[in-house]
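Visitor: Below is one structure. I have some questions about it.
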Amino acid sequence: MTPDDANKLAGLFIEFLEMGTVPDGLFTADVFCDFTMPKWRLQAQGIEGVVALRKAGHPGSGQVPRWRCDPTEFGFVLEFEERWVQDGKDWYSREMVRADALKGTISEFSVYCTGDWDADHRAKHAAAVTLLRP
């Protein structure tokens, strides 16, 4: 996949993450998602299944303020940070996605997530660790 094609498709994927709705042409009808979080793993098949999996963990909209996309032969790898508000609390996570695409549409993807950090967890981390880069 070319860098331009990978960035375009990753941009649609980020739109899905931020809005919770699937942009036209993002997923094949039988898309497969393998989602790994700390100490748990979930899977979904088909667009409805992927949307349901997403909304179970992130029912509202959010933001992806920082991301990086690297093209692969058959798709891309996307590293990103995500922020959202749920039940009056601010949340944060870091994730990586490896996506395979058929004719410019994601057919399969794996997600590796750090887990969801609330403000208390982020403060505890900041007090214990000084990061060299944001």
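Visitor: Of the labelled options (1) 46, 31, 25; (2) 49, 28, 25; (3) 43, 41, 21, which one gives Cα extents along the principal axes in Å as computed for this structure?
Guide: Matching the structure shown: (1).
Visitor: Considering only protein heavy atoms, with the full assembly of protein chains and a 1.4 angstrom probe, order Val111, Val77 by accessible area, largest first.
Guide: Putting Val111, Val77 in descending order of accessible area: Val77, Val111.
Visitor: Under 18 Å from the Cα of Lys103, which aspartates and glutamates turn up, not counting those fewer than eight places away in the same chain?
Guide: Within reach: Asp4, Asp5, Asp24, Asp30, Asp70, Glu73.
Visitor: To the nearest 10 degrees, how steep is helix 119-128 against the longest Cα principal axis of the chain, on a 0 to 90 scale?
Guide: 70
Visitor: Let me ask something else. From the residues Phe27, Val129, Ala52, which one has its Cα farthest along the dipole of the chain in the positive direction, the dipole being from +1 and -1 charges on Cβ of Lys/Arg and Asp/Glu about the Cα centre?
Guide: Checked the options; the winner is Val129.
Visitor: Loop only by DSSP, 15 or fewer other Cβ within 10 Å of the Cβ. Give me the chymotrypsin sites (Phe, Trp or Tyr not before Pro) in the stretch 63-134 that pass, ordered by residue number.
Guide: Answer in residue order: Phe74.
Visitor: Just to confirm the filter: which trypsin sites (Lys or Arg not before Pro) across the stretch 89-128 are DSSP coil and have at most 16 other Cβ within 10 angstrom of their Cβ?
Guide: Lys103
Visitor: Treating the beta-carbon of each Lys and Arg as +1 and of each Asp and Glu as -1, no other charges, what is the dipole magnitude of the stretch 50-134 about its Cα centre, to the nearest 20 debye?
Guide: For this selection, approximately 140 debye.
Visitor: If you don't mind, another one. If each DSSP helix of 4+ residues adds -39,500 (n - 2.57) and the sum is divided by the residues in the chain, what number results at 222 nm, nearest 500 deg cm²/dmol?
Guide: Dividing the helical sum by the residues of the chain leaves -9000 deg cm²/dmol.
Visitor: Considering only Asp87, Asp118, Asp24, give the residue with the highest GNM mean-square fluctuation for the chain, with springs between Cα atoms whenever their separation is below 10 Å.
Guide: Asp87
The values are calculated or read from the model by the stated rules, or taken from the named source; none is laboratory data. Just so it is clear, the model here is predicted, and its values are computed rather than measured. Don't worry about glycine lacking a Cβ; one is built from the backbone with ideal geometry, like all the others, and counts go over all protein chains shown. The accessibility values were calculated without ligands, DNA or RNA, using every heavy atom of the protein model including side chains. Shrake-Rupley method; radii C 1.70, N 1.55, O 1.52, S 1.80 Å.
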